[in-house]
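Student: This is the structure I want to talk about, given as structure tokens.
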Amino acid sequence: MDLLKGFKEKNEQKKAKAFYVDLPKLKADPRELRKVKALMGARLTAFIDTTFIEGAKKTEELQNSGKNVSELKMLSSPFKNVKTIGGVVCVYLPPKYTNNFFELGARYQMARLTSNQVVELADKLSDEITGSLDLFPALRVLNFLRSENLDEDGAETEEPP
């Protein structure tokens with residue numbers, strides 16, 4: 001039974017990677033293309049948020065165990081299962097980006113970056129992904145950190161240095 005599960009998982013990963021790689025070359029009705037790109041944007045947003053949180057949680061676990069945080073490998077899988085309205089789907093993001101978002105989560109947890117710095121760096125990475133895939137609307141990730149920085153009027157507040 002595990003053999004079938006592994007085969008199914010590899011097949012899902014292959015499809016997820018193909019979806020990512022083929023998206024910029026996709027030719028379709030403009031309306032359908034917008035829907036597909038919006039779908040990919042939503043999936044990648046969930047993927048990125050999950051990866052950031054994964055980096056923060058693994059760092060917290062190391063901190064709580066008393067181990068040296070430098071032992072943490074700043075690596076995360078380029079494949080993640082993401083919950084969607086239709087169920088759980090496998091999503092791919094190249095390791096270059098995945099590992100950067102993981103490291104942002106770890107560095108935030110270690111208080112080496114403020115939430116404003118994390119959001120700024122995440123936006124740069126997200127803009128790169130948005131451009132390479134020609135997504136619309138642009139990716140807007142880590143909204144849970146953005147909401148921490150809002151005052152009652154909805155304006156972003158500056159964190160002290």
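The values are calculated or read from the model by the stated rules, or taken from the named source; none is laboratory data. Given the structure is predicted, the values throughout are model-derived calculations rather than measurements. Here the Cβ is made from the backbone with ideal geometry for all residues, glycine too, and neighbour counts use every protein chain on show.
Student: Would you mention how many residues in segment 92-117 are of a type outside the set (G, A, S) and under 13 Å from the mean Cα position of the chain (by Cα)?
Tutor: 13
Student: Taking segment 81-106 only, how many residues are in contact (Cβ under 8 Å) with a residue 24 or more places away in the chain and either farther than 12 Å from A16 by Cα or hydrophobic (A, V, I, L, M, F, W, C) (or both)?
Tutor: Here the count works out to 17.
Student: Let me ask you something else. Mind checking which pairs have a first residue in segment 11-22 that is at pLDDT 95 or above and a second that is of a type in the set (S, T, N, Q), Cβ under 9 Å, 6 or more apart or different chains?
Tutor: E12/N81
Student: Picking from L44, L75, L104, L121, which residue would you name as being at pLDDT below 95 and either under 21 Å from K14 (Cα atoms) or assigned to a helix (DSSP H, G or I) (or both)?
Tutor: L75
Student: I'd like the full set of residues that are exposed (fewer than 15 other Cβ atoms within 10 Å of the Cβ) and either basic (K, R) or touching a residue at least 60 places away in the same chain (Cβ under 8 Å) (or both), limited to segment 107-131.
Tutor: R112, K124 - these are the residues of segment 107-131 that are exposed (fewer than 15 other Cβ atoms within 10 Å of the Cβ) and either basic (K, R) or touching a residue at least 60 places away in the same chain (Cβ under 8 Å) (or both).
Student: Out of V88, V82, report the one residue that is surrounded by fewer than 17 Cβ atoms within 10 Å (Cβ to Cβ) and part of a strand (DSSP E or B).
Tutor: V88
Student: Could you tell me whether segment 46-56 includes any residue that is in contact with a helix residue (DSSP H, G or I) (Cβ under 9 Å, 6 or more places away or on another chain), touching a residue at least 12 places away in the same chain (Cβ under 8 Å) and among the acidic types (D, E)?
Tutor: Within segment 46-56, one or more residues are in contact with a helix residue (DSSP H, G or I) (Cβ under 9 Å, 6 or more places away or on another chain), touching a residue at least 12 places away in the same chain (Cβ under 8 Å) and among the acidic types (D, E).
Student: For K58, only one of the following conditions fails: (1) surrounded by 19 or more Cβ atoms within 10 Å (Cβ to Cβ); (2) modelled with pLDDT of 95 or more; (3) among the basic types (K, R). What is its number?
Tutor: Single failed check for K58: (2).
Student: Scan segment 84-126 for residues that are of a type in the set (A, V, I, L, M, F, W, C), touching a Leu at 6+ places or on another chain (Cβ under 9 Å) and closer than 19 Å to N143 by Cβ and report the count.
Tutor: 11
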